[in-house]
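Undergrad: Take this structure first; my questions come after.
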Amino acid sequence: MRVRVRDWLLMGPGLGWLALFMVVPCALVFANAFFERGTYGGIDYNFTLENFTRAAEPVYATIFLGSARIALMATAIALLVGYPAAFAISRQPARRQMALLVLVMLPFWSNYLIRTYAWMVLLNREGLINKALTGIGAIAEPLALLYNEFAVVTGLVYNYLPFVVLAIYSALQRLDPSLTEASRDLGAGAWTTFARITLPLTAPGIAAGAVFVFVLSIGNFITPDLLGGGRMQMIGNLIYDQFLTARDWPFGAALSFILIAIMMALLFGQAVIAGRVHGQREPAHA
Amino acid sequence: MPERSRLLDMHLGAVLAFLYVPIAVLMVLSFNRAGLPTAWTGFSVKWYGALAGNGRILGAAWNTLIVAFFSTAIATVLGTLLALGVEQKKPGAAVEATMFAPMIIPDIVLAIALLSFFTALDFTLGLHSIIVSHAVFNIAFVAAVVRARLRNFDWSLVEVSRDLGAGPVTTFRRITLPLIAPAVVAGALLAFTLSVDEFIIAYFTAGAGPGSTTLPMQIYAMIRFGVTPEINAMATIVMGVSFTLVLVAQRANRRLFDV
């Protein structure tokens, strides 16, 4: 009994803080999603489902689908680039692995705005990439690299790639080397071993990395705002507008609700994949 | 295990170049005399001088330090206690989900949720509301770092201490805390870095007054006006501070990047 009281004393303040300043505010947003917008921007407490039917209208459905498409592209590219990089790190001598991992993760912990701004410097019409390409005569006119989908996807991949490498690297670390050795001893080639043993067993890492990139991309605000230059609207920007420009909080709340629902579904899927691969050996964790 | 392949190593090199070239370009340009991104016109630190004379930027930097300090202090205490409780009690999925949520929830959603919450309570917005909000994700990060360390923790040390007659506070102070200190320090440094860099949640919970503008809010306003040499100089300083803090955190706690 004493132990239980002590454990709750330890967890109480932290969990209380998260409950009060995260769970309750999110619950409030969910509740607001079912009310009407007030005449002067507030909330009229009359129950309605109109915010959700409105979110399904073609204008908004297009933004959802467009955001999902961009997030999917960023996820796919980050995985295709990140997997071999993580694999390369895991093949290095043990002492160098940690140093390389720190090197990959370091930018991830630095200012997101500045990392995004760096791409504005590189991609703009007078930017370094255009200058270099015109300089060597590869192009006559500067390319429109900034303020489009290409720039947004590049920015998202750039910002989230380190986490993908980390997630896949840690899955590779958990892989029992005797399994791949056995596969090779039994005559399977390097590619067959990779496709039949390594890839399926590192699926939890791939799933963790993919969910992370997808969720943070689809709800992103800064990247489409700065690298998309306002021409690209994603859900994050739409939510932002409802709160700071259109002052339609209930509709913004409904959009957030949908975003969270997508996130939960993906996290659930990820937990299932992790549970399937790890089986009974360890509990599924996100 | 397959041999290391040249091709894989080259790919890794390309990835590292992809990660660092944009940052390096900013840093180099911040010392460019003419301030133009196109041509190198000589070394100069005048853009750093311009920053030092900009009262708005200095004010915003000061606000950021206040927010980061207090939100880190709150999060370090609550997050460490939370980690200790969770690792001993092993509570269910609801607690795990609550602790994981701040790391994955889109920041725009947390931002509007907190704004709605503070508005509903008629809570006056300012630096204090940013501190409260930043503590949310900082608690989660500190707890995660400390938990990673506690996974290899020998709880019998605590039992021995208690059996020998030490009270719970003495045991914590003399046994538990010294053993988990590297993770606590690392968690605090990461929390501080996250708070210094966080933009959207601060933007939504800062209120209207200029007195609660933080550095990322100031950077955002400047970036929206376009590429300028002052931003390059400021970016270099902010990046330098982040890199230093994270590297110190990593040295303090080698298991920092274990997932």
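Undergrad: Name the longest site-free stretch of chain B, where the excluded sites are trypsin sites (Lys or Arg not before Pro) in a DSSP loop with no more than 16 other beta-carbon atoms within 10 Å.
TA: Of all site-free stretches, the longest is B:34-150.
Undergrad: While we're here: Out of B:Ser242, B:Ser71, B:Ser44, any idea which swings most in a Gaussian network model of chain B, alpha carbons joined below 10 Å?
TA: Between B:Ser242, B:Ser71, B:Ser44, it is B:Ser44 that shows the largest mean-square fluctuation.
Undergrad: Can you tell me which lysines have their Cα less than 18 Å from the Cα of B:Lys46? Leave out same-chain residues fewer than eight positions away.
TA: none
Undergrad: Related question: About its Cα centre, what dipole magnitude does region A:56-278 give when the only charges are +1 on Lys and Arg Cβ and -1 on Asp and Glu Cβ, stated in debye to the nearest 20?
TA: Its charge dipole is roughly 540 debye.
Undergrad: Taking Rh as the Kirkwood radius, which is the inverse of the mean 1/r over Cα pairs, what is the Rg/Rh value for region A:56-278?
TA: Numbers: Rg = 20.3 Å, Rh = 19.5 Å.
Result for region A:56-278 is an Rg/Rh of 1.04.
Undergrad: If you wrap a convex hull around the C-alpha atoms of region A:167-258 and split its volume per residue, what is the figure in Å³?
TA: Spelled out: Cα convex hull of region A:167-258, divided by residues, is 118 Å³.
Undergrad: Using alpha carbon coordinates only, what is the Rg to Rh ratio of region B:143-259, with Rh defined as the Kirkwood radius? Can you show the working numbers first?
TA: Values: Rg = 20.2 Å, Rh = 17.2 Å.
Here the Rg-to-Rh quotient is 1.17.
Undergrad: Name the residues of region A:176-192 whose amide N is less than 15 Å from a point 7 angstrom out from the Cα of B:Ser5 along the C-beta direction?
TA: Residues passing the 15 Å test: A:189-192.
Undergrad: How about B:Lys89: which aspartates and glutamates have a C-alpha closer than 18 Å to its C-alpha, ignoring those fewer than 8 places off in the same chain?
TA: Answer for B:Lys89, where 18 Å is the Cα cut-off: A:Asp7, A:Glu282, B:Asp154, B:Glu159, listed by chain and number.
Undergrad: Just the number, please: Stokes-Einstein D of region B:74-196 in µm²/s, Kirkwood Rh from C-alpha pairs, 25 °C, 0.890 mPa s. Mind showing how you got there, number by number?
TA: Values: Rh = 15.9 Å.
D = 155 µm²/s.
Undergrad: Taking chain A as a Gaussian network, where each spring joins two C-alpha atoms under 10 Å apart, which residue of A:Leu20, A:Leu259, A:Leu100 fluctuates the most?
TA: The residue that fluctuates most here is A:Leu20.
Undergrad: Please compute the volume of the convex hull spanned by the alpha-carbon atoms of region A:24-164 and report it per residue in Å³.
TA: 207
Undergrad: Can you compute the charge dipole magnitude of the protein assembly as shown about its Cα centre, using +1 on each Lys and Arg Cβ and -1 on each Asp and Glu Cβ, nothing else charged? Give it in debye, rounded to the nearest 20.
TA: 1280
Undergrad: Could I ask something else about it? Extending each Cα 7 Å along its Cβ direction at B:Ala17 and B:Leu177, get the distance between those two points in nm, one decimal.
TA: 5.0
Undergrad: Taking a cut-off of 21 Å between Cα atoms, list the lysines near A:Lys131, but don't count ones fewer than 8 places away on the same chain.
TA: none
Undergrad: Per q in 0.09, 0.14, 0.19 1/Å, what log10 I(q)/I(0) does a Debye calculation on the alpha-carbon atoms of region B:1-157 return?
TA: For region B:1-157, the Cα-only Debye profile gives -0.59, -1.01, -1.12.
Undergrad: Next up: Which whole-number percentage describes the relative contact order of region B:56-257, with Cα contacts under 8 Å and a sequence gap of 6 or more?
TA: Computed over region B:56-257, the figure is 35 percent.
Undergrad: Taking region A:84-186, how much of its Cα-Cα pair set, in percent, is spaced more than 19 angstrom apart?
TA: Values: 3119 of 5253 pairs.
When every Cα pair of region A:84-186 is considered, 59 percent fall beyond 19 Å.
Undergrad: Could you work out Rg/(2.2 N^0.38 Å) for region B:113-172, with Rg from alpha carbons only?
TA: Working: Rg = 19.1 Å, N = 60, 2.2 N^0.38 = 10.4 Å.
Relative to the 2.2 N^0.38 Å estimate, region B:113-172 comes out at 1.84.
Undergrad: Farthest toward the dipole's positive end in the protein assembly as shown, which of A:Ile136, A:Ala188, A:Leu259, given Cβ charges of +1 (Lys, Arg) and -1 (Asp, Glu) about the Cα centre?
TA: Looking along the dipole axis, the top candidate is A:Ala188.
Undergrad: Work out which trypsin sites (Lys or Arg not before Pro) in chain A are exposed loop sites (DSSP not H, G, I, E or B, at most 12 other Cβ within 10 Å) and give the longest gap free of them.
TA: A:1-230
Undergrad: Can you pull out the GluC sites (Glu not before Pro) in region A:90-196 that DSSP calls coil and that have at most 15 other Cβ atoms within 10 Å?
TA: A:Glu126
Undergrad: When a/c reaches 1.5 or more, the comparison of a/b and b/c decides; with that in mind, is the protein assembly as shown rounded, prolate or oblate per its Cα gyration tensor?
TA: Judged from the Cα gyration tensor, the protein assembly as shown comes out rounded (a/c under 1.5).
Undergrad: Related question: Residues of region A:37-51 with amide nitrogen under 15 Å from the 7 Å Cα-to-Cβ point of A:Val59?
TA: Inside the label zone: A:51.
Undergrad: Using only Cα atoms, locate the centre of region A:18-37 and the centre of region A:240-265, then give the distance between them in Å, rounded to an integer.
TA: 11
Undergrad: Sequence-distant or interchain residues sharing an amide H contact under 5 Å with A:Arg37, placed H: which?
TA: A:Asp44
We did not get these values from a lab; they are worked out from the coordinates using the rules stated. No experiment lies behind these values; they were computed from the predicted model shown. Positions of Cβ are generated from backbone atoms using ideal geometry, with glycine treated the same way; all protein chains shown enter the neighbour counts.
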